[in-house]
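Undergrad: Provided herewith is a single structure, encoded as C-alpha cells, for subsequent inquiry.
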Amino acid sequence: MSGVLGLDTSNYTTSAAVYCDDGTGLNSSRLLDVPEGGLGLRQSDALFQHVRRLPERVRELYASGKLKEIRAVGASTAPRSVEGSYMPCFLAGESQGQVLADALDVPFFAFSHQQGHVAAACWSAGRMDLLDKPILSWHLSGGTTELLLVEPVDGMPQMKILGGTEDISAGQLIDRTGKRLGVPFPAGKGLDAMAANSTSKEKFAVKLRGLHFSFSGVENQVQKRIDAGMAPEDVARFTLNTVAATVHRVTQQALKEYPGLEVLCSGGVASNSLLRQVMDYALFAEPRYSTDNAMGIALLTHRAMEMGKNHE
C-alpha cells in the first residue's frame, strides 16, 4: 500500500505515522523515559532518546502492512511556524526524515509541530474541511497554552497567536500538581482519573487581560489547599476545574471578536475529560490524536504532495 511517512520528535514523544492513499492512517508513538519524580528532560537527553527510538516506530508501521511504498516523507522541524522557533529535539525527525527521503528519491516536506497538532485534530474529528477556512484553535500541552487564529495560506494552516498563558502552560500546571500529589509524569491522565473521584466545583477565578492570563498564581492556590489537608482528588479537581473554566472564558471572549468561527482543541491537555465537558461546543480529536503524534505531519505531507507544493 502506498502512502506518505510523517515523523514528529517532540519534547516527550517519539512518533511516526503513515497516511495512505486510500485515506486510512496509523500512528506509532512512545513516550520518552523521564526519571521518577522528574518534570521533564534536558533537550540533549530528549534528542538522544529520539535518535534511538525513531527506527522502532517506523519499523512498527512497516509491520502493520500499511507502509509498503513511501511516496514522500515529512517531519516537524520546529515548535511553531515563525522565524526563530527552534528546539533541538526536532533535529532527530528532521535529519532522519531527510536522509530517508534522499535514499528513496522522494520529496521531503517540513512543517511545525503546531501545524501537525491542528491537522491531526481536524482529521480525527472527521473535519478536514476545517483546514480550508479560518477557525479558532487551542494548542494545550505541556509546553504551550495558546489560542490561535488558524487560516489557510496556499493550502496549509498558518497560525496567529490571539491569546493564552503569559507564564506556565496548562500542562505544566497539571504536571506540577501531579508531582505534589504523587502522580507519575506526565500527569494528565493520572490527574484526570483522580479528579473523577471528586464532585467539587471549586475553581480559582483567573484574571483575564484581554485574551491572555496567568496560571502561576493557581500553582500557589494548589499548594495552599494541599497544606490545608484537602483530599487529593479534590485538589486534582480544583486544578482541572480552573484550567477548563479559564479556557472556556477566553474562548467566549474570542468568539465576540471572531463570531461564527468554529473552535478546535488540540494538544495533550485537550484529552482531559473535564475540559471536553465544559467545552462541549468545540471540536476535539480522539485522545490518542490530542497528545503529541505524527499523524498531522503525515496528513500535511500528503496534502502538500497532492497540491504539488515545493519541498525542502
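Undergrad: Looking for something surrounded by fewer than 18 Cβ atoms within 10 Å (Cβ to Cβ), touching a residue at least 60 places away in the same chain (Cβ under 8 Å) and either among the small types (Gly, Ala, Ser) or under 30 Å from Phe90 (Cα atoms) (or both) - is there at least one such residue anywhere in segment 221-241?
TA: no
Undergrad: Now for a different question. Taking segment 98-147, which residues are aliphatic (A, V, I, L, M) and farther than 22 Å from Ser273 by Cα?
TA: Of everything in segment 98-147, those that are aliphatic (A, V, I, L, M) and farther than 22 Å from Ser273 by Cα turn out to be Val99, Leu100, Ala101, Ala103, Leu104, Val106, Ala110, Met128, Leu130, Leu131, Ile135.
Undergrad: While we're looking at this one, here's another question. Identify, please: which residue in segment 109-126 is crowded, with 24+ Cβ neighbours inside 10 Å and of a type in the set (Phe, Trp, Tyr) and is, among those, farthest from the chain's Cα centre (by Cα)?
TA: In this case the residue turns out to be Phe109.
Undergrad: If Ser216 meets every condition in (1) touching an Asp or Glu at 6+ places or on another chain (Cβ under 6 Å); (2) modelled with pLDDT of 95 or more apart from one, which number is that one?
TA: With (1) touching an Asp or Glu at 6+ places or on another chain (Cβ under 6 Å); (2) modelled with pLDDT of 95 or more applied to Ser216, the lone miss is (2).
Undergrad: Please count how many residues of segment 243-274 are more than 20 Å from Ile161 (Cβ to Cβ) and not polar (S, T, N, Q).
TA: Residues flagged as more than 20 Å from Ile161 (Cβ to Cβ) and not polar (S, T, N, Q) within segment 243-274 amount to 4.
Undergrad: Here is a follow-up. What's the number of the only condition in (1) part of a helix (DSSP H, G or I); (2) at pLDDT 95 or above; (3) surrounded by 16 or more Cβ atoms within 10 Å (Cβ to Cβ); (4) not acidic (Asp, Glu) that Met305 fails to meet?
TA: For Met305, the failing item is (2).
Undergrad: Here's something else I'd like to know. Mind listing whichever residues of segment 41-70 are of a type in the set (Lys, Arg), in contact with a strand residue (DSSP E or B) (Cβ under 8 Å, 6 or more places away or on another chain) and surrounded by fewer than 16 Cβ atoms within 10 Å (Cβ to Cβ)?
TA: Correct list: Lys68 only.
Undergrad: Under the condition of being part of a strand (DSSP E or B) and in contact with a Lys or Arg (Cβ under 9 Å, 6 or more places away or on another chain), which residue from segment 147-162 is surrounded by the most Cβ atoms within 10 Å (Cβ to Cβ)?
TA: Filtering segment 147-162 for residues that are part of a strand (DSSP E or B) and in contact with a Lys or Arg (Cβ under 9 Å, 6 or more places away or on another chain), the one surrounded by the most Cβ atoms within 10 Å (Cβ to Cβ) comes out as Leu148.
Undergrad: Here is a further query. Taking only segment 13-40 into account, find how many residues are open to solvent by less than 60 Å² (accessible area, probe 1.4 Å) and touching a residue at least 24 places away in the same chain (Cβ under 8 Å).
TA: The qualifying residues number 18.
Undergrad: Find all pairs meeting these conditions: Cβ atoms under 8 angstrom apart; at least six residues apart or on different chains; first residue within segment 280-291 and within 22 Å of Thr14 (Cα to Cα); second residue open to solvent by less than 80 Å² (accessible area, probe 1.4 Å) and of a type in the set (Phe, Trp, Tyr).
TA: Ala285/Trp123; Tyr289/Trp123; Ser290/Phe284
Undergrad: For segment 184-210, how many residues are over 18 Å from Asn220 (Cα atoms), touching a residue at least 24 places away in the same chain (Cβ under 8 Å) and of a type in the set (A, V, I, L, M)?
TA: 3
Undergrad: Can you tell me which residue within segment 202-220, out of those that are open to solvent by 40 Å² or more (accessible area, probe 1.4 Å) and part of a helix (DSSP H, G or I), is nearest to Tyr281 (Cα to Cα)?
TA: Ser216
Undergrad: Now, a different point. I'd like the full set of residues that are assigned to a loop (DSSP other than H, G, I, E, B) and without any contact (Cβ under 8 Å) to a residue 12 or more places away in the chain, limited to segment 121-131.
TA: The one that is assigned to a loop (DSSP other than H, G, I, E, B) and without any contact (Cβ under 8 Å) to a residue 12 or more places away in the chain: Gly126.
Undergrad: If I ask for residues that are part of a helix (DSSP H, G or I), open to solvent by 60 Å² or more (accessible area, probe 1.4 Å) and either under 28 Å from Thr77 (Cα atoms) or out of contact with any Leu (no Cβ under 7 Å at 6 or more places or on another chain) (or both), which ones from segment 249-275 would you list?
TA: Of everything in segment 249-275, those that are part of a helix (DSSP H, G or I), open to solvent by 60 Å² or more (accessible area, probe 1.4 Å) and either under 28 Å from Thr77 (Cα atoms) or out of contact with any Leu (no Cβ under 7 Å at 6 or more places or on another chain) (or both) turn out to be Gln252, Lys256, Glu257.
The values are calculated or read from the model by the stated rules, or taken from the named source; none is laboratory data. Given the structure is predicted, the values throughout are model-derived calculations rather than measurements. Virtual Cβ from ideal backbone geometry, glycine too; neighbours counted across all protein chains shown. These accessible areas exclude ligands, DNA and RNA; they are computed on the full protein's heavy atoms, side chains included. Shrake-Rupley method; radii C 1.70, N 1.55, O 1.52, S 1.80 Å.
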